[in-house]
Amino acid sequence: MSQTLWQRYQDWLYYHPGLELYLDVSRVASLTADLLRELHPRFIRAFQDMANLEAGSIANPDEQRMVGHYWLRDPDLAPTPEIQRDIRESVDRVEQFAQQVHQGEIRAANGEKFTDIVSVGIGGSALGPQFVSQAVAPVHPPLAIHFIDNTDPAGIDRLVAYLGDRLQTSLILVTSKSGGTPEPRNGMWELQRVFRQRDWLFAPQAVAVTMAGSHLDQTAQAERWLARFPMFDWVGGRTSELATVGLVPAALQGIPIREMLRGAREMDQATRIADVRQNPAALLALAWYAAGQGQGRKDMVILPYKDSLALLSRYLQQLVMESLGKEKDLDGHVVNQGIAVYGNKGSTDQHAYVQQLREGLNNFFATFIEVLKDRESGDWEIEPGITTGDYLSGFLQGTRQALYEKGRESITITIREVTPKTVAALIALYERAVGLYASLIHVNAYHQPGVEAGKKAAGAILQLQRQLLNTIREYPHGLTLVELAQHVQADDQIETVYQILRHLAANQRGVELIGEKHKLAGLMVRPGS
């Protein structure tokens, strides 16, 4: 390492003694003192924006909501005594409920102790709990967790088959803010159907995590579900891991949730410092800005060198891409901002895509996640002076150096070990970095109009499907594909009509397609069995 690079490493290295966390941005060559001086006014604004957000300003203008995930780990910051009380009570209730389940005071409907959790959710209601579970759940948790995070019938059937009779002693955790999101609703209905078929009681072992008064909350009350935990309207899905969304499944798996909250709170305190060089989230945001020229021109590749952190890239995909991927800035100008995120784990990457990272398109910056502690117990040498952990560390250092030699930029985050506290600190670090970076590029990180557009489009497709099925039943002798589209006034959507019919026919859903499949215009459509 040259003296210049060593000096740069010392100049830009951040260390947090309480969390034993290092952040090294020195190998982002485009990050310079000049750039920091140029962005200084923007950072002043960014720090103020974050202070306003924590004070309770309306940060989600689409829904006229505050954004208060930082209050979850420090209720004293919440703007009203009522919110402070609600946060504290929710954590107390989560701990009490988990303890009662673990001790057998709360049991499944058949009288046996709960053995498993089936968590039904989508997006932030699944990605955070999945990441945390893989990262820090005990090897033998008091309850094993399984996820239904899609509306894929085959995936649901596979999980039901895997659980077998253990489904009868599974706590069903349904998480949905509004209660109307299709994916968790469908997963819930699928499980209710299985319970009915097997003559089991669903409600006595179902738990709702939702907003008070939502459709799901009303259903849980009416059907007398086992428990209900509140979601708050000021917590978005992608920042909800340290709300009841993440704390309920974590506590049930035996993960110490107070430690998680402490780790996030400690990181929050560090990332409030209004000095970029002393603030790890600001340094991270500065490095992202430098690498992508403030326009997201380079992808973020997440490379955790620890099996337990393999899902970090998936978690960050939602947090970063949903927060920063925006068509318009705060002034309404079209900017098409965002940072694409993908990743795997080391040293799997050595045999997957590092070849392209080093010698292919220079359209990315890497983030290495290094864990210093190799394993819980003593180690042994597989070669003189070398352990398997030494190999893993060597691969990380070697890949980092190999990328640098080819002019590829990288960031390295180092923690001593993977614990509930350090994992929560990583979550908090990236939450704040996203907020600060959003302010630097003048976009709103706390709304997601593109997601809503996709939901509306999906609803229109399903409405068209209903029209098609009704029309097909009226013409038992059949119609051509074009005639059918005309009947439902979808002349400009013939491709969509065909794709709907192809799916229905493949599942024997009352549709039969007659003709040569490669000659689409001549296809006949008639009622099927």
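The values are calculated or read from the model by the stated rules, or taken from the named source; none is laboratory data. Just so it is clear, the model here is predicted, and its values are computed rather than measured. Here the Cβ is made from the backbone with ideal geometry for all residues, glycine too, and neighbour counts use every protein chain on show. Ligands, DNA and RNA are excluded from the accessible area calculation, which covers all protein heavy atoms including side chains. Shrake-Rupley method; radii C 1.70, N 1.55, O 1.52, S 1.80 Å.
Of the residues in segment 60-80, at least one is open to solvent by 80 Å² or more (accessible area, probe 1.4 Å), within 30 Å of residue 231 (Cα to Cα) and free of Cβ contacts under 8 Å to residues at least 60 places away in the same chain.
Scanning segment 427-449 for residues that are in contact with a Gly (Cβ under 7 Å, 6 or more places away or on another chain), open to solvent by 10 Å² or more (accessible area, probe 1.4 Å) and not β-branched (Val, Ile, Thr) turns up just one, 446. Can you tell me which residues in segment 406-426 are open to solvent by 30 Å² or more (accessible area, probe 1.4 Å) and not hydroxyl-bearing (Ser, Thr, Tyr)? 406, 407, 416, 417, 418, 421, listed by residue number.
Going through (1) touching a Leu at 6+ places or on another chain (Cβ under 7 Å); (2) of a type in the set (Phe, Trp, Tyr); (3) at pLDDT below 95 one by one, residue 446 falls short only on (1).
Over 23 Å from the mean Cα position of the chain (by Cα), of a type in the set (A, V, I, L, M, F, W, C) and either open to solvent by less than 40 Å² (accessible area, probe 1.4 Å) or under 22 Å from residue 252 (Cα atoms) (or both), is that true of residue 203? It is true that residue 203 is over 23 Å from the mean Cα position of the chain (by Cα), of a type in the set (A, V, I, L, M, F, W, C) and either open to solvent by less than 40 Å² (accessible area, probe 1.4 Å) or under 22 Å from residue 252 (Cα atoms) (or both). Could you tell me whether segment 438-446 includes any residue that is outside any helix (DSSP H, G or I), under 29 Å from residue 18 (Cβ atoms) and either more than 21 Å from the chain's Cα centre (by Cα) or free of Cβ contacts under 8 Å to residues at least 24 places away in the same chain (or both)? Scanning segment 438-446, I find no residue that is outside any helix (DSSP H, G or I), under 29 Å from residue 18 (Cβ atoms) and either more than 21 Å from the chain's Cα centre (by Cα) or free of Cβ contacts under 8 Å to residues at least 24 places away in the same chain (or both), so the answer is no. Checking 187, 123 one by one, the residue that is surrounded by 15 or more Cβ atoms within 10 Å (Cβ to Cβ) and on the phi > 0 side of the Ramachandran plot is 123 and no other. In segment 119-139 there is at least one residue that is within 19 Å of the chain's Cα centre (by Cα) and part of a strand (DSSP E or B). Cβ separations smaller than 9 Å between residues 6+ apart or across chains give the following pairs from segment 159-173 residues that are open to solvent by 50 Å² or more (accessible area, probe 1.4 Å) to residues that are assigned to a helix (DSSP H, G or I) and at pLDDT 95 or above: 168/195; 168/205. Among what's in segment 450-491 and is open to solvent by 80 Å² or more (accessible area, probe 1.4 Å) and charged (D, E, K, R), pick the residue that is nearest to residue 317 (Cα to Cα). The qualifying residue nearest to residue 317 (Cα to Cα) is 455. Being of a type in the set (D, E, K, R), in a loop (DSSP other than H, G, I, E, B) and either over 15 Å from residue 433 (Cβ atoms) or at pLDDT below 95 (or both) is a condition met by no residue of segment 318-328. Do any residues in segment 206-234 that are within 17 Å of residue 109 (Cα to Cα) have Cβ atoms under 6 Å from those of residues that are part of a strand (DSSP E or B) and open to solvent by 10 Å² or more (accessible area, probe 1.4 Å), where the two are at least six apart or on different chains, and which pairs are they? As it stands, the answer is 207/227; 208/228; 220/228, since those pairs meet every condition given. None of 142, 79 is touching a helix residue (DSSP H, G or I) at 6+ places or on another chain (Cβ under 6 Å) and not basic (Lys, Arg) except 142. Which of the residues belonging to segment 239-260 are open to solvent by 10 Å² or more (accessible area, probe 1.4 Å) and among the charged types (D, E, K, R)? If the condition is that a residue be open to solvent by 10 Å² or more (accessible area, probe 1.4 Å) and among the charged types (D, E, K, R), then 258, 259 are the ones that fit.
Of 208, 227, 220, all but one fail to be modelled with pLDDT of 95 or more, closer than 15 Å to residue 117 by Cβ and open to solvent by less than 10 Å² (accessible area, probe 1.4 Å); the exception is 208. When residues in segment 87-104 are screened for being open to solvent by less than 80 Å² (accessible area, probe 1.4 Å), touching a residue at least 12 places away in the same chain (Cβ under 8 Å) and not β-branched (Val, Ile, Thr), 5 of them pass. Taken together, the residues in segment 282-334 that are open to solvent by 10 Å² or more (accessible area, probe 1.4 Å), among the hydrophobic types (A, V, I, L, M, F, W, C) and more than 26 Å from residue 49 (Cα to Cα) amount to 2.
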